[in-house]
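Worksheet for the structure shown next.
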Amino acid sequence: MNTVINEVKSQRAGDSYYKIKHSSGLNIYVYPKEGYRSAYAIIGARYGSINTCFSRDGGEKITVPDGIAHYLEHKLFESAEGDAFTRYAETGASANAYTSFEKTCYLFSCTEKFDESFEILLDFVGNPYFTAQTVAKEQGIIGQEIKMYDDSPDWRVMFNMLGGMYHNHPVKIDIAGTVESIAEITAEKLYDCYNTFYNLNNMVLCVAGNITVEQVLKTCDRMLRPNEKHTIETYFEDEPYEIVEPYVEQSFPVAVPIFNLGFKEKADSLSDERRLAQIGILLSALASPTSALYREMLDNNLINSTFSFELFEGPGYCSVIFGGESRAPKQAAETIKRYITEVKKNGFTDEDFENAKKAVYGDSISDLNSVGSIANLIADYHFNGNEIFTYIDAIADTTKADVEACLADMLDVNNCTLSVVKNAEE
Amino acid sequence: MSQINRKQLADGVFFSSVRDGRFKTMKISANIIVPLSADTAAANALLCDVLSHSCKAYPDFTALSKKLCSLYGADLSAFVRKVGDHQLIALSAMGLDDRYTLNGESVAQELSRLLCSVIFEPNLSDGVFVEENVEQERRQLLDSIDAEYNDKRLYAIAQLIKHMCAKETYGIKRYGSAQQVREVTPQDLTNAWKNLLKTAIFEIVYVGDSAPDKAQAVFSEAFGNIDRAPAAADTQIIRTANSVNTVTEEINVAQAKLVMGFRAGTALPEKEADAAALMCAILGGTANSKLFCNVREKQSLCYYCASRYDKHKGIMLIDSGVQTENIDKLKAGILKEIEDMKNGVITDFEMDATKRAMINSFYSSNDTVGGIEAWYTAQLFDGGFTTIEEMAARIGAVTKEQVIAAANKLTLDTVYVLKNSEG
């Protein structure tokens, strides 16, 4: 296969980038930013905490311990010669990695010696080194990372909510797993996962900032060998439309209770750019600080400035989450549900719609400000089969009727879960 | 790096601007600086929230939010923090650059005017702040004070500072105390506002593509009618700790927290602050630091163990999360790394790698609006601006002997432990 390069331009954003299908099978995006000194590179695999049961090329189903994708992320930094951080120390780059529900990403940013840092990135991500000894060493470190999250009320309130919404989907399981589940991880299991998911055809590379296409391809051509394309299947048990339970609560040492109210949505396919634009405008019109809902909840002392909302979506799961600190979470949840019912009946005002559209549009352009934000966004859009400039145009083209039609089929007030963490005495 | 242009508009009022066409957004901030004081901190903090959420033209939160939303989701934010013995109240407006609006509107100019309005033309009724607005902000500020306890890592650090600096001005919280926040009246708030306009130092910082002349003129005119008598504070620096104070608190937590507070023996404007900053980064500021490589990677004791140096106050903090039974082991591990540095166990690799990492982060900051603003705002107390190139040269010139000397100035003052009551 030859390398194919396409330029993608946006009149509205005043930017352009290059989308490349590399001869190795890797999908590459290069987004040069004129006048920038820094560059940011991120390589990610379509592989996250939810991929715990899978097969390759129609072979046997493999089930692996919860938290293994995150564990693999930690261990990939190591090689026989030492760890990647030591190598980055020679170039001055700032490196990191993260694992989410559906992807694992490795990144660095630098202001000089890009080529050297880029080579380190491709090298350690492409060459796993797992031994019984190195795997054992990580138990204590990740064990403490898990404990740290166990003490995070924001984290707990979200996972309790996911447990209240999803019967079977692994999105309800903590990304890092548990101290018990990670004890099951072995070097062999890590290789099984690596060899399945860390195939260049299943990965994306995004580079933004002070770089050129030629520069990126030169290193890729040298470092990456063609990967044979495999069919990867991840198995999820059937997930009913209905939630598990409408209310979950946990006692926790907090001074202000926290709530998450999650509306379980249909998750047959991932939203395209048009639908993302519609939902973005819809949620902004519904619950942003300009809305009548926000005003009512403030006046009744139900929320404070921590109140927020998001579309939470990935393979096989989709929900809309409202949350924040509240002294009266149940009342806040009831108010949100009542308001949604009213808006479904009466629609939005023109002013609400126009303001929300402008705000969502402004945010989408502002996101193209920093090299880190650009590279991460493009990776996210790639994994969901979307394109960022198409999304910006879709916002500009969205009408009030589109948004109201979208709302009619969402936010079912009889299919939501309220999760609360609060002090035992309250 | 992007050049900054600084002008004095009135006594203690400065307007600094950076023109840069690389970004999609612009930002203008008013940094209002006063001496930190137990008598005024709470009123100032509450005032900051009230000001940022309403003004005469947009008299409540919803009206102002709608205006901001119509300006392409522009943001008007407020925060209060401590810089040494100063209280810094920052009101910032950030929005889309004019080139990217759908209908050619000018967001930058409107936002500059709006920022000026919230500071100089607040929503007053009979000359005092509107009670309803004050009560709404008071409730939310009290929530955010309480919420400090929700995040145990931040809570542990705050507790360390509270105990370590109990007898110093720096021990006052950035918002005073919850009790004081409860007691502030709308009249107190009005007095605090008038007092700020008269006595605070105003540092206005603008970063954006369009010319700042109009924004500057708006501020210049607003200050023209105000009788100014600005006041500044000197930060108290305690150079050495005489003994170690250990504080233990028990809460139902899954992971214990260990925070150690050191007197660094040097602070700005002393030259040695550069060496102290590098010393702190070698110890626990990067993924190649002594703490990361030894207590995390070799001993597998923790997920994070980081050190930070407050160059204004001259203190260094180390914080980590750990199993209760490993607290003593972790503490010993941390002290060993510091002892090593005092004895000169620092490799050339550690020196060079840490310098590179620091210099990389300096240069990276020049590629975002927030980074440029933060670079200069951080220096508002330093008596003049240093460019990235100058700062990089200064860090690059620090010698190993200077780092060893900086380590030898460290004295442990306070150890704070948060652990499970059953642990």
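The values are calculated or read from the model by the stated rules, or taken from the named source; none is laboratory data. Keep in mind that what you see is a predicted model, and the values were worked out from it rather than measured. Because the Cβ atoms are built from the backbone with ideal geometry, glycine has one as well, and the counts that use them run over all protein chains shown.
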For this session: Determine whether A:Ser49 is within 14 Å of another protein chain (Cβ to nearest Cβ), modelled with pLDDT of 95 or more and crowded, with 17+ Cβ neighbours inside 10 Å.
Result: no
For this session: Return a yes/no flag: does the range B:308-320 have any residue that is within 12 Å of chain A (Cβ to nearest Cβ) and hydrophobic (A, V, I, L, M, F, W, C).
Result: no
Problem set entry | Those residues of the range A:228-245 which are closer than 22 Å to A:Val413 by Cα and either modelled with pLDDT under 95 or crowded, with 16+ Cβ neighbours inside 10 Å (or both), in sequence order | A:Glu239, A:Ile243, A:Val244
Problem set entry | Filter result (touching a Phe, Trp or Tyr at 6+ places or on another chain (Cβ under 6 Å) and more than 23 Å from A:Leu162 (Cα to Cα)) within the range A:388-426 | A:Ile388, A:Ile395, A:Lys400
Exercise. When B:Glu422 is evaluated against the numbered criteria (1) at pLDDT below 95; (2) under 30 Å from B:Pro35 (Cβ atoms), which criterion, by number, is the only one it fails?
Worked result: (2)
Seminar exercise, completed: Residue hits (the range A:392-421; within 30 Å of A:Val157 (Cβ to Cβ) and buried (at least 22 other Cβ atoms within 10 Å of the Cβ)) are A:Val403, A:Leu411, A:Cys416, A:Thr417, A:Leu418, A:Ser419, A:Val420, A:Val421
Problem set entry | Only one of A:Ser55, A:Ser109, A:Ser94, A:Ser49 that is in contact (Cβ under 8 Å) with a residue 40 or more places away in the chain, under 18 Å from A:Val371 (Cβ atoms), in contact with a helix residue (DSSP H, G or I) (Cβ under 9 Å, 6 or more places away or on another chain) and not assigned by TED's automatic domain parsing to the domain that holds A:Ala375 | A:Ser109
Exercise. So which of B:Leu96, B:Leu88, B:Leu111, B:Leu115 is touching a helix residue (DSSP H, G or I) at 6+ places or on another chain (Cβ under 7 Å) and either without any contact (Cβ under 8 Å) to a residue 24 or more places away in the chain or not β-branched (Val, Ile, Thr) (or both)?
Worked result: B:Leu96
Problem set entry | Residue check for B:Ser106: more than 25 Å from B:Asp39 (Cα to Cα) and outside the structural domain of B:Asp310 (by TED's automatic domain parsing) | yes
Problem set entry | Cross-chain or 6+ apart pairs with Cβ under 7 Å, the range A:292-307 first and more than 10 Å from chain B (Cβ to nearest Cβ) and closer than 20 Å to A:Ile321 by Cβ, then in a helix (DSSP H, G or I) and of a type in the set (Gly, Ala, Ser) | A:Leu293/A:Ala287; A:Met297/A:Ala332; A:Leu302/A:Ala332
Exercise. Which one of the conditions (1) within 14 Å of chain B (Cβ to nearest Cβ); (2) over 29 Å from A:Tyr235 (Cβ atoms) does A:Glu81 fail to meet, given that it meets all the rest?
Worked result: (1)
For this session: Mind counting the residues in the range B:145-164 that are free of Cβ contacts under 8 Å to residues at least 24 places away in the same chain and either more than 9 Å from every other protein chain (Cβ to nearest Cβ) or assigned to a helix (DSSP H, G or I) (or both)?
Result: 4
Exercise. B:Ala397 fails exactly one of the following numbered conditions: (1) within 19 Å of B:Gly208 (Cα to Cα); (2) away from chain A (no Cβ under 13 Å). What is the number of that condition?
Worked result: (1)
Problem set entry | Sole residue being part of a helix (DSSP H, G or I) and hydrophobic (A, V, I, L, M, F, W, C), chosen from B:Leu9, B:Leu46 | B:Leu46
Seminar exercise, completed: Being more than 14 Å from every other protein chain (Cβ to nearest Cβ) and either in contact with a Cys (Cβ under 8 Å, 6 or more places away or on another chain) or hydroxyl-bearing (Ser, Thr, Tyr) (or both) narrows B:Thr324, B:Thr235, B:Thr286 down to just B:Thr235
For this session: Only helices (runs of 4 or more DSSP H) wholly contained in the range A:166-259 count here; list those with 2 or more residues that are within 30 Å of A:Glu138 (Cα to Cα).
Result: A:179-182, A:187-197
Exercise. Out of the range A:98-113, which residues are buried (at least 20 other Cβ atoms within 10 Å of the Cβ) and either more than 9 Å from chain B (Cβ to nearest Cβ) or modelled with pLDDT under 95 (or both)?
Worked result: A:Thr99, A:Phe101, A:Glu102, A:Lys103, A:Thr104, A:Cys105, A:Tyr106, A:Leu107, A:Phe108
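Restricting the search to the range A:1-32, which residues are within 14 Å of chain B (Cβ to nearest Cβ) and within 19 Å of A:Thr219 (Cβ to Cβ)?
Of everything in the range A:1-32, those that are within 14 Å of chain B (Cβ to nearest Cβ) and within 19 Å of A:Thr219 (Cβ to Cβ) turn out to be A:Tyr31, A:Pro32.
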